[in-house]
């Protein structure tokens, strides 16, 4: 038997996850549809006045992206918990935090990244100017991985529970506050003609912090959930 | 080293904690009562009204200790959770979860007293000010921990899962605080919230410190008592609990 290194295992896991995601295309599209539909609701709710729409655009786009990620979180560990794959993760020789990080990467590639690409288009609906749309793209590119990483901790904590949906929102949303503030703040700053560099750098710092710490916390949570 | 370890372990066993805390709590409780009475008398009668805020300044004798304990309670909860997770100390797990609702109550109290004071002072019950917002997020973090603890059926698993959440929240609390502060400074804020802080009068400072100390003692007394009850419930099948019950039954 060939001894495989941890990186091989991670690559295999990533390939498997992406392949599964591509085979289930409708599930792949669901967060995007949610994002688009909710953004469409806002002009219907607050009226089509362009000035008002561009005033709320940054916050609306960010909050909606955040909710789309939240709704997609349940699938991160659920199937693997149900069929016992998570237990195989635990007894495998590979470091659990690395596997968690790989799973989060797969989750982000299939939900976060499409949202990032779609968001500037939806910015047009909300009368966001091109410079702010570009900032929206960058802020989401830096921010959505943080949402996936932090969300993975919370979803690992409740993976064993039958009805975790509402609970997940309560656990995750307070932790998302800084990302939302900096993300929407960057877009707001760009929309009012200021440099958004500061907020983007802070988002980058949050990303580095969560890449280093969240897999460890997620691994600890998985251990508790499966014991 | 081994001997020391065993001694440590014995000291942290639920049984010895139960006895130790049982002896400690009356001391905490009585000193809390004495300090609180002294602080209230000092705060309500002997301290002067503020030159700008008048008599309504007296709410700080409740508000400031509550706000202090909302943060202290979170640190206590997260610290105990860390000890419980790393060394598998049952007492620490129990203490951590006993602290959560008490800390949440103090956070709620700080928010309520703050908005009651805000109405006559700022003209509104609520401002999206940095401190208020981070206090509100802190309350949500507490409620998340409590909700998770109640949702998991197995009590040890529940307290360890909630402990991880408390630790993640502990990393998050300073980030939330500063992000909210920067967010607030980036926006143009209402200037009424910018209170100039005159160096506090000694007749106000002493009751304030007394109340802060009394509230801390109250927090500890309540948390220790809650953890005692919780440990008895968790260990109800153990011999020491049965002996405890039969000993009390013999006395009656």
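Just so it is clear, none of the values below were taken in a lab; they were calculated from the coordinates. Everything quoted here is computed from the prediction, not taken from an experiment. Here the Cβ is made from the backbone with ideal geometry for all residues, glycine too, and neighbour counts use every protein chain on show.
If I model a spin label as a point 7 Å beyond the Cα along the Cα-Cβ vector, how far apart are those points for residue A:98 and residue A:5 in nm?
0.8
How large is the helix-only mean residue ellipticity at 222 nm for chain B, computed as the sum of -39500 (n - 2.57) over DSSP H runs with n ≥ 4, divided by its residue count, in deg cm²/dmol to the nearest 500?
On the way: 8 runs with 199 residues, N = 252.
Mean residue ellipticity, 222 nm, calculated: -28000 deg cm²/dmol.
Which whole-number percent is the relative contact order of chain A (Cα, under 8 Å, 6+ apart)? Don't skip to the answer; put the middle values down first.
Working: 252 pairs, mean separation 58.3, N = 227.
About 26 percent, as a whole number.
With angles folded into 0 to 90 degrees, how steeply does helix A:6-23 sit against the dominant principal axis of chain A? Use alpha carbons for both and round to 10.
Tilt relative to chain A: about 60 degrees.
Label-point separation (nm) for residue B:155 and residue A:83, each offset 7 Å from Cα along Cα-to-Cβ?
In this crude label model, residue B:155 to residue A:83 measures out at 3.8 nm.
Let me know the mean shielding of A:182-192 by other chains, meaning the per-residue number of their Cβ atoms within 10 Å of its Cβ.
If you average over the peptide's residues, the count of other-chain Cβ atoms is 1.
For the stretch A:6-226, what value does the Rg/Rh ratio take when both radii are computed over Cα atoms and Rh is the Kirkwood radius, given to two decimals? Each step should come with its number before you reach the end.
Numbers: Rg = 17.8 Å, Rh = 17.9 Å.
Using Cα coordinates only, the ratio equals 0.99.
Compute the helix-to-body angle for A:197-226: its Cα long axis versus the longest principal axis of chain A, expressed 0 to 90° and rounded to tens.
Approximately 30 degrees, to the nearest ten.
Would you tell me the mean number of C-beta atoms belonging to other protein chains that fall within 10 Å of each C-beta in A:164-174, as a whole number? All intermediate terms of the calculation are to be shown ahead of the outcome.
Numbers: counts 2, 0, 2, 6, 2, 1, 9, 12, 1, 3, 13.
Neighbouring Cβ atoms belonging to other protein chains average 5 per residue here.
Take the Cβ-Cβ distance between residue B:44 and residue A:208 as r, set R0 to 41 Å, and report the resulting FRET efficiency rounded to the nearest 0.05.
On the way: r = 51 Å, r/R0 = 1.23.
So, using R0 = 41 Å, E works out to roughly 0.20.
In deg cm²/dmol and to the nearest 500, what is the mean residue ellipticity at 222 nm of chain A if only DSSP H runs of at least 4 residues count, each as -39500 (n - 2.57), divided by the residue total?
Values: 10 runs with 185 residues, N = 227.
It comes out at -27500 deg cm²/dmol, rounded to the nearest 500.
Fully extended, how many nm does the chain gain between residue A:30 and residue A:117 (0.36 nm per residue separation, minus their Cα-Cα distance)? Let's see the in-between values first.
Details: separation 87, 0.36 × 87 = 31.32 nm, distance 1.47 nm.
The span from residue A:30 to residue A:117 would gain 29.8 nm if fully extended.
Which residues in the stretch B:100-119 have a backbone N closer than 17 Å to a point placed 7 Å from the Cα of residue B:131 along the Cα-to-Cβ line?
The answer is B:106-119.
How many partner chain Cβ atoms sit within 10 Å of a residue's Cβ in peptide A:212-224, on average, as a whole number?
Values: counts 0, 3, 2, 0, 0, 5, 2, 0, 7, 5, 0, 2, 12.
Counting Cβ atoms of other protein chains within 10 Å of each residue's Cβ and averaging gives 3.
Go through A:177-183, A:220-226 and give me the packing order, highest mean Cβ count within 10 Å leading.
On the way: A:177-183: 25.6, A:220-226: 21.9.
Highest mean packing first, the order is A:177-183, A:220-226.
Let me know the shape class of the protein assembly as shown, please: from the alpha-carbon gyration tensor, a ≥ b ≥ c as square roots of the eigenvalues, rounded when a/c is under 1.5, otherwise prolate if a/b is greater than b/c, or oblate. Provide the component values of the computation, followed by the final result.
Details: a/c = 2.55, a/b = 1.17, b/c = 2.18.
Oblate, since a/c reaches 1.5 and b/c is not below a/b.
Where does helix B:2-11 land angle-wise versus the long Cα axis of chain B, in degrees 0 to 90, nearest 10?
Roughly 70 degrees between the two axes.
For chain B, report the translational diffusion coefficient in µm²/s to the nearest whole number, using Stokes-Einstein at 25 °C, 0.890 mPa s, and a Kirkwood Rh over Cα pairs. Can you show the working numbers first?
Values: Rh = 20.2 Å.
Translational diffusion coefficient: 121 µm²/s.
Work out, step by step, the length gained on full extension between residue B:56 and residue B:205: first 0.36 nm times the residue separation, then minus their alpha carbon distance; give nm to one decimal. Walk me through the numbers before you get to the answer.
Details: separation 149, 0.36 × 149 = 53.64 nm, distance 1.58 nm.
Length gained, residue B:56 through residue B:205: 52.1 nm.
Compute the distance from the alpha-carbon center of the stretch B:9-44 to that of the stretch B:83-130, in whole Å.
So the two Cα centres are separated by 20 Å.
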